[in-house]
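**Q** Mind having a look at this structure? Questions to follow.
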Amino acid sequence: MPPSPKFSALPGGRTILLSIKPKYADLILAGSKRVEFRRSWAAQEVTAVVLYSSSPIQKLVGVAKVESVISASPTALWQTCQERGGGLTRDELRSYFAGKGKGIAVLLGEVSTLPSQVDPHDIFDHFVPPQSFRYLDPSECRKFDSKFLQRSSRT
């Protein structure tokens, strides 16, 4: 049985909704991409991310714990990519961080795939996909957990 993705109540940090291109969301869920690269990151500590697979999927597909966050030069981030499985080629990483002296590597821990993809409109009032990420408030975390628990009890 897969581990429960009920991570939204993790102490010490926030949960965010993270928009990810479907190609990379699939690699994260498959376990081959263990690092998510970002040009900028949350100001508050983040302990969990709800994965939103962007267009054309447009569904919530999984949850991941955040082990740590590294801010470094693209050259140093390439090393992290090679060591942890970044899911990018060196050219893709360079292109993504073009013009930036530093970037962010989010090291992902335990990742859980939802038993079925979830329409975000079922959880979030007036849902608009975040450009990069957005913090979830406690009531949204509870709704997410509740929706997942309902779906997992049917499987």
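The values are calculated or read from the model by the stated rules, or taken from the named source; none is laboratory data. Just so we're clear, the structure is a prediction, and the values are computed from it rather than from any experiment. Glycine also receives a Cβ, built like all others from the backbone with ideal geometry; neighbour counts cover every protein chain displayed. Areas reflect the complete protein model, heavy atoms only, side chains present, ligands, DNA and RNA absent. Shrake-Rupley method; radii C 1.70, N 1.55, O 1.52, S 1.80 Å.
**Q** What net charge is computed for the residues neighbouring VAL46, neighbours being all others with C-beta under 13 Å from the C-beta of VAL46, Lys and Arg scored +1, Asp and Glu -1?
**A** That sum, taken over residues with Cβ under 13 Å, equals +1.
**Q** Can you give the calculated 222 nm mean residue ellipticity of the chain, where each DSSP H run of n ≥ 4 adds -39,500 (n - 2.57) and the sum is split over every residue, rounded to the nearest 500 deg cm²/dmol?
**A** -8500 deg cm²/dmol
**Q** What lysines could a cross-link reach from LYS65, if we take a straight Cα to Cα line under 24 Å and drop same-chain neighbours fewer than 8 places away?
**A** Straight-line reach from LYS65, under 24 Å: LYS6, LYS21, LYS23, LYS33, LYS102, LYS143, LYS147.
**Q** Here is a further query. For the stretch 2-112, what % of the accessible area comes from carbon and sulfur atoms, probe 1.4 Å?
**A** Roughly 51 percent of what the probe reaches on the stretch 2-112 is carbon or sulfur.
**Q** Report the charge-dipole magnitude of the stretch 20-122 in Debye, nearest 20, computed about the Cα centre from +1 at each Lys and Arg Cβ and -1 at each Asp and Glu Cβ.
**A** Around 380 debye, computed over the stretch 20-122.
**Q** If you average the C-alpha positions of the stretch 22-55 and of the stretch 97-123 separately, how far apart do those two centres end up, in angstrom?
**A** 2
**Q** Please report the antiparallel percentage of DSSP beta bridges with both residues in the chain, rounded to the nearest 5.
**A** In the chain, approximately 75 percent of DSSP beta bridges are antiparallel ones.
**Q** Still on this model: Compare the Cα positions of LEU29, PHE148, VAL63 along the charge dipole of the chain (+1 at Cβ of Lys, Arg; -1 at Cβ of Asp, Glu; about the Cα centre) and return the one farthest towards the positive end.
**A** Selected residue: LEU29.
**Q** For the chain, what does the accessible surface come to per residue with a 1.4 Å probe? Please give it in Å². All intermediate terms of the calculation are to be shown ahead of the outcome.
**A** Working: 8040 Å² over 155 residues.
Spelled out: the 1.4 Å probe surface of the chain, per residue, equals 52 Å².
**Q** Moving on. If r is the Cβ-Cβ distance from ARG142 to LYS102 and R0 is 35 Å, what FRET efficiency results, to the nearest 0.05? Working shown, then result.
**A** Numbers: r = 35 Å, r/R0 = 1.01.
E(calc), rounded to 0.05, equals 0.50.
**Q** Using only the alpha-carbon atoms of the chain as identical scatterers, what base-10 log of I(q)/I(0) does the Debye formula give at q = 0.12, 0.17, 0.21 Å⁻¹?
**A** Taking Cα atoms of the chain as identical point scatterers yields -0.48, -0.97, -1.43.
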